[in-house]
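The values are calculated or read from the model by the stated rules, or taken from the named source; none is laboratory data. No experiment lies behind these values; they were computed from the predicted model shown. Note that each Cβ is placed from the backbone with ideal geometry, even for glycine, and that neighbours are counted across all protein chains shown.
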Amino acid sequence: MKRFWSLAVLSTSMTLTALVATWAAPAWQAAELPQVVTPGLASAPPSDAIVLFDGSSLDNWRKADGSAAGWVIEKGVMLAVTGQGPVLSKQEFGDMQLHVEFATPTVPQGSGQGRGNSGVYMQARYEVQVLDSFENETYANGQCGAIYGQHAPLVNASRQPGEWQSYDIVFRGARFDEAGKKTLNATMTVLHNGVLIQDHSEVTGITTAAMNQEGPSKGPLYLQDHGNPVRYRNVWVREL
Ligand code: MG
């Protein structure tokens, strides 16, 4: 061993400092290392994302009754069609990271909850409100970025109507024991246009217009039709 190290020092011209640093390093194995993921350029999906909408089709979406989604694609973006009801992802999710981009209508019409209203529901249970909250006041826990009826956003990071905005959401579903009793509330951390607006907020129960009751099952992502032609694009999920 001694002879080995002598040779190693000689052959690599390692400094004594570097050698000490090597000795001090904890043991590790390649299998313990985090998976390598290629980040997307700008807001493009990373390599391990499940892409739910890339502008090309609504194949990953359905109506509540299971029939074909009633929204339309215009110029590569998904447009909410009033009266068609929500669109739900065919795939169901538990804990996840979600990226979704939206734009509220121009010219803006209506006021308060009637202006640019839609919503992004985790598991068809818990809504992060989508609303035109740019110079449009309403109750705090109903404005854009609110977990509807429960938590106001920390700040109002809304862009102007018509501009693309983003939500990046870390969702952890509620936990239940074997008897079906809830042991932990769901939680959400939300960035709105890159700004932290929900910091591990605890969601105490389903929000208005939820389609699923609380329970241990996974659930679909659900985008709300609230009578306003809100647009969506670049929707992707990473299961956690
Ligand atoms: Mg809504």
Can you tell me which residues in the stretch 157-185 are touching a Phe, Trp or Tyr at 6+ places or on another chain (Cβ under 6 Å) and away from the ligand (no atom under 16 Å from the Cβ)?
Q160, K182
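Here's a check for you: in the stretch 92-116, which residue that is more than 25 Å from G173 (Cβ to Cβ) and polar (S, T, N, Q) is nearest to the chain's Cα centre (by Cα)? I'd like the intermediate steps shown before the answer.
Step one: list which residues in the stretch 92-116 are more than 25 Å from G173 (Cβ to Cβ), which gives 103-116.
From the residues that got through so far, the ones that are polar (S, T, N, Q) too are 104, 106, 109, 111, 113.
Numbers: T104: 18, T106: 25, Q109: 27, S111: 27, Q113: 22 Å.
In this case the residue turns out to be T104.
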Hey, among the residues in the stretch 217-240 that are more than 16 Å from the ligand (Cβ to nearest atom) and in a loop (DSSP other than H, G, I, E, B), which one's farthest from V81 (Cα to Cα)?
L240
Kindly provide the set of residues from the stretch 34-71 that are over 16 Å from the mean Cα position of the chain (by Cα), assigned to a loop (DSSP other than H, G, I, E, B) and of a type in the set (D, E, K, R), ordered by number.
D59, K63, D65
Can you tell me how many residues in the stretch 194-240 are of a type in the set (V, I, T), within 15 Å of E127 (Cα to Cα) and buried (at least 19 other Cβ atoms within 10 Å of the Cβ)?
4
Could you tell me whether the stretch 171-180 includes any residue that is at pLDDT 95 or above, more than 16 Å from the chain's Cα centre (by Cα), charged (D, E, K, R) and closer than 20 Å to Q97 by Cα?
yes
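Considering only the stretch 199-215, I want to know if a residue exists there that is closer than 29 Å to I73 by Cβ, more than 15 Å from the ligand (Cβ to nearest atom) and assigned to a strand (DSSP E or B).
Within the stretch 199-215, the first condition is being closer than 29 Å to I73 by Cβ, and the residues that meet it are 207-212.
If we keep only those that are more than 15 Å from the ligand (Cβ to nearest atom) too, we end up with 212.
Okay, now just the ones that are also assigned to a strand (DSSP E or B), so none.
Scanning the stretch 199-215 turns up no residue that is closer than 29 Å to I73 by Cβ, more than 15 Å from the ligand (Cβ to nearest atom) and assigned to a strand (DSSP E or B).
I'd like the residue in the stretch 146-156 that is under 16 Å from the mean Cα position of the chain (by Cα) and not small (G, A, S) and, out of all such residues, is nearest to the ligand (Cβ to nearest atom).
Of everything passing the filter in the stretch 146-156, Y148 is nearest to the ligand (Cβ to nearest atom).
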Unique residue being touching a Phe, Trp or Tyr at 6+ places or on another chain (Cβ under 6 Å) and either under 24 Å from N212 (Cα atoms) or at pLDDT 95 or above (or both) when the list is Q91, Q113, Q129
Q129
Exactly one of these conditions fails for Q91: (1) touching a Gly at 6+ places or on another chain (Cβ under 9 Å); (2) not in a loop (DSSP other than H, G, I, E, B). Give me its number.
(1)
